[in-house]
Amino acid sequence: MSDRLSLLSPSTLNTIGNTPVVRLRKIVPENSAAVLVKLEYFNPTGSYKDRMALAMIEEAEARGDLRPGMTVVEYTGGSTGSSLAFVCAVKGYAFKVVSSDAFAKEKLDTMRAFGAELEIIPSQGGKITPDLIPRMIERAKAIAQSDNSYFTDQFNNRDSVKGYSQIGYELLKQVDVPIDAFCGGVGTAGMLMGVAHALRQANAGTRVVALEPATSPVISGKTAGTHHIEGIGAGFVPPLLDKAYYDEVRAIDESEAREMSRRLTREEGIFSGISTGLNVVGALQLAQELGSGHTVITVAVDSGLKYLAGDLYKASNG
């Protein structure tokens, strides 16, 4: 029996990562590059944010910045909070969260289920406006003034890049052809930067493309605006975004991202949220430009189960 038990994961934290990669078969136009999607909703909370959360906590522990008995504090739209709440629950830390009613109820409820203490910042009509994230950040900073707190501060925390780099290292092992392009939506920029670091380290020669909502194209050098794509488009250029590690930025229409989310579910069996739809819209653009014989990769950010209370999948029923 002991030999059998030794094959088990010692903790749910050890199940983070090593997510599968699939090739899109039905929605890719003819004469386009192959489009591969890494299914990050196979992580424990159904999101790639599990990678970031674990890295931020364990790197802080290693430095001695986070110790038993301390409280972790973060501002979040939900997926980061769900992942941090999960990691904190396993490790035994109290967790205080600043979030908003602009984000999916399922995400807020998930944080509470893991034992997080939430403070909700009211939004303007449930939309992610340019001032919302800054208001959440300021409130989280105030809460974190306690001497017994550790502020993970996701937009400024470089530990997240280390956590996300594992996506890139995994892709290099999983994909046995050259990766011509990789694209992804930018929230904190940790995921895009982490993957880019891994690919550059391997001299993969991959074109890295940052994606953002067309109504809030701040990375493109234009004015911040309102949108409802959770997890990206914070209304400012994130500090972690390094121009040396991406080749271009593209603004994607939210309505196209929404429709792509529904198509992915119906036609490819990839049940996901709007940010995944945005990623795939960007990947298809690149695939058509590069043409057959090339490979484009993006990620399925999280599970569509997090969006059933909203209008994303209700709209698909007419």
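Here T223, T188, T152, T206 are screened, and the one residue that is among the β-branched types (V, I, T) and surrounded by fewer than 22 Cβ atoms within 10 Å (Cβ to Cβ) is T223.
Number of residues in region 11-55 that are surrounded by 15 or more Cβ atoms within 10 Å (Cβ to Cβ) and assigned to a loop (DSSP other than H, G, I, E, B) equals 13. Of all residues in region 122-143, those being at pLDDT 95 or above and outside any helix (DSSP H, G or I) number 0.
Name the one entry in Y150, Y169, Y164 that is modelled with pLDDT of 95 or more, under 30 Å from N18 (Cβ atoms), of a type outside the set (A, V, I, L, M, F, W, C) and part of a strand (DSSP E or B). Steps first, please.
Details: Y169 fails: part of a strand (DSSP E or B); Y164 fails: part of a strand (DSSP E or B).
Every option except Y150 fails the conditions.
Taking region 56-96 as the range and being among the polar types (S, T, N, Q) and either surrounded by fewer than 24 Cβ atoms within 10 Å (Cβ to Cβ) or at pLDDT below 95 (or both) as the test, the residues that pass are T71, T76, S79, T80, S82.
Here S99, S82 are screened, and the one residue that is assigned to a helix (DSSP H, G or I) and under 20 Å from the mean Cα position of the chain (by Cα) is S82. Quick check on region 226-246. Is at least one of its residues assigned to a helix (DSSP H, G or I) and either in contact (Cβ under 8 Å) with a residue 40 or more places away in the chain or under 18 Å from the mean Cα position of the chain (by Cα) (or both)? Within region 226-246, one or more residues are assigned to a helix (DSSP H, G or I) and either in contact (Cβ under 8 Å) with a residue 40 or more places away in the chain or under 18 Å from the mean Cα position of the chain (by Cα) (or both).
The values are calculated or read from the model by the stated rules, or taken from the named source; none is laboratory data. Given the structure is predicted, the values throughout are model-derived calculations rather than measurements. A quick note on method: Cβ atoms are made from the backbone with ideal geometry, for glycine too, and the neighbour counts reach across all protein chains shown.
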